[in-house]
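Reading through the C-alpha cells given below for one structure.
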Amino acid sequence: MDLIFEFSFYFFVTLIGFLSTFFLGVIINKYIFKLKINNTFIHLSIGLITSSLIIALCITQFKTFLIGLIPIYFFIFFKQKNKKIEINLQYRHIYIYIPILLFYFLLLSFSFVDFFENKKFVFSDSDYIFYAKIAKYLIETGIENFSLDYFLYDKRGLAPYHYTEIWYSSIYTFLFNINSIYSLNLISMTIFLTTIIIGIKEVFQINTILFYPFLIIFPFFSTFGWILNLEVFNLKASAPIWDISLFEHKKHFFIYLSLILGIFYIRRNEFIKFTFIICFGAFGYIIIAPSIFISATIILLYNLFLSKRINYNQFLSNMVLLIGVTIIIGLFYYCNSNNSDLGTGFSLDILIQYYTSFDTIKTIINIIGKTTVQSFIVLLPICCLIGVQILKENFIYLLYYSVFFFSSLLCYALTHQMRDGDQFWTAIFIPLTNILVFVSIYQISKNKKKILPSLILLLIPFCINKPYTNYSLKSIYKAPPIINKSTFVYLRTKNNYSQSIFSCLEQVYQGHLNSLSFFTDPLKITCLTTQYLPENTNEQKSIKKNTTFSLYTNNQKKENNFISYQQSQIDFINEFKIDYLLADTTEIPENLSVYFKKTSIVIDNYYLFERI
C-alpha cells in the first residue's frame, strides 16, 4: 500500500510537470516565438527546452552550455516582434493526452516496483542510473561535468554532454526532493515519451483510429529489429547498434523531438524555422551538432541553387544563425574546459598528421563504403514493403534523408577512433529511419485495401525477433543502512583492473546495478587506487589523469607535498572527512587500518568498513 501511495505521488508530480511544461511553452510562444500554430506538440517542445534552460541558468549562475539558447531566443524575438498572434487554446487538446501519459507512467513504473508483492527493484539500465546521478551532481555543484567528482569539482572545467534532458529531470529532484533516478527514468521519461507520441500524431496528422494502438507503441518500434536473425556482414554481432528503439535509447528524446519539428517546418518550406530547430537540436544533444549543421547547410544550398525555394538573403540569414551557434559552442568550451575534461589527449599537429596519413584516409573510405552497403541491404526489404509509389511521392524527403545519412556517417568515419564515435552516425540515422519508416507505413494504411498488410508490417520487428533490450530486474527489499550525506572511498586490488577502459572509470561505480547507487542520492564516492590504471593508449592516459585521486596526487606533487600513494590515501580520507571505505577484499590495507573499524558488512559485493 505504501508503494501505491508513493507512486501515486510520482504520477501527480508527472501530471503537474506535463501541464506546467505545456503552459510555459504557450507563454513563450505567445510573447517571444509568436508562431501562428495552435499545436500541442510545439508548445510542449518549447516548454521542455525553456524549462531546461531556466533550471540550468539558476543552478549554474549562467555558466551553462545552454546559455547559447539565449541569443537564439532574442534572434527569434526581434525577428517576430512586429507580428501579432492570437492563441485560442482549446484545453481539451492537452487533456486528451493524459491517458497516454498515465499509460507510459504505469509501464515505466513496473521497471521499479512490483505492486502485487509490495517490493522495489533496482532499475537495471546502468547508463540511466549514471545520467540520473549527473542530474543530482549538477544540482549539488552547479558544474556541467560528468565526472561526478564531489571532492575536487571546483578544479574541473566544463565538459560537453547531453545535459538538456538531464537538466529537465533535475527540476523534479530540486523542487520535490525526489530521488534523481525516479525523476529521470520515471517522471521525465514519461513526459518525453508522451511528447514524442503527440508529435508523431500532430505533425504527420495521424487520424486513423485503427492506427492509434500502433502509434502508442512507437517508442518500441525499431526498423531493424528483424536483422538479429541475419548473419549478413556480421550484423548480428553489432545488433545493439542497429536495433535501437526510442525506448531503448530514451536519451535520444531531444533528437527525435528535433527531427520531428525539423520535418514539420521543412514540409512547410519554412527554412528559417527549420534552422532554428537544428540549432535547438545541437543544444539538446551536442554529439549530433556536426552532422546536423553539415546537413542543414547542404539542404539550404540545394534549396538556393536547385529548387529555388529560398533567395540569397534567406540563405545568408540561415547561415549566420548556424555559424553563430557553432562559434558560441566552440568559444564556450574553449573558455570553460580543461583538456582532460574533454578526454582528448591529442595536439593539433598530431591530428593533422593522423588525418593526412594514407592508412587513415583508407580507413575512412572503408567505413563509409562498408556502412553504406550494410545500410542499403537492411533498408532494401523495408523499401520494397513500403512500395515504390510512396517513395516517389516523398522523393524530396528521401533526398534529405540521404543528406543526413551521409553527413552523420562522415562524422562517424572521422571520429571512428573515439569511444562511442559511432554515435555521431547512429544518433541521427536510427531515429530518423524509425520516424520515416513508421510514417510511411501509416501512409500505406490510409488505403483501406492495404491497411491490414501495413499493420502487419509494423509488427515485423516484434514477430520475427524480440527487440533487443538491456532490461533485467534485481529485487531489493530495503535500502542499505547508509545515510545520504555520507562520503565514501573504495579500493580495488591491482589485479582487478583490466585493459577495458570501462573497468577503469571510477565513475562506473555510480552506474553499477547496485543498491548503494540506487538509494544513496547523491552518492559521494571516489576510488583511491587509480594509480593502477593502465596507460597503453592516449585515451587511457587521459582518463587516468582525470580521475579524482590522480588530480589530488598531482596537485600534491606540484606543491611538493607528495610522499607516497599510501600517504595520499590517508591525506584524502582526512581532508574530506570520509565516512566509509569499500574494498573488494576483507582486509584493509595496513596504512588505513587505524582509520576504519575491522568489522564489515557486505553491500553490492563490496565489504563496507565504517570510520572509527
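Overview of values
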quantity	calculated
Inter-probe distance in nm under a simple model that places probes 7 Å from Cα toward Cβ, at K30 and Q566	7.0
Ranked packing of 575-587, 39-51, most packed first, by mean Cβ within 10 Å	39-51, 575-587
Residue-normalised accessible area of region 123-204, expressed per residue, 1.4 Å probe, Å²	20
Share of carbon and sulfur in the accessible heavy-atom surface of region 122-174 [1.4 Å probe, %]	47
Prolate/oblate/rounded label for region 513-612 (Cα gyration tensor, a/c 1.5)	oblate
Region 358-450 - accessible surface per residue (Å², probe 1.4 Å)	49
Overall form of region 244-324 per C-alpha gyration tensor (a/c, 1.5; a/b vs b/c)	prolate
By accessible area with a 1.4 Å probe, ligands and nucleic acids excluded, highest first: order of R492, R267	R267, R492
Entries of K136/K524; K63/K83; K251/K392; K133/K598 with Cα pairs more than 22 Å apart	K63/K83; K251/K392; K133/K598
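The values are calculated or read from the model by the stated rules, or taken from the named source; none is laboratory data. Owing to the predicted nature of the structure, the values given are computational and were not obtained by experimental measurement. Because the Cβ atoms are built from the backbone with ideal geometry, glycine has one as well, and the counts that use them run over all protein chains shown. Heads up: the accessible areas ignore ligands, DNA and RNA and are worked out on the full protein's heavy atoms, side chains in. Shrake-Rupley method; radii C 1.70, N 1.55, O 1.52, S 1.80 Å.
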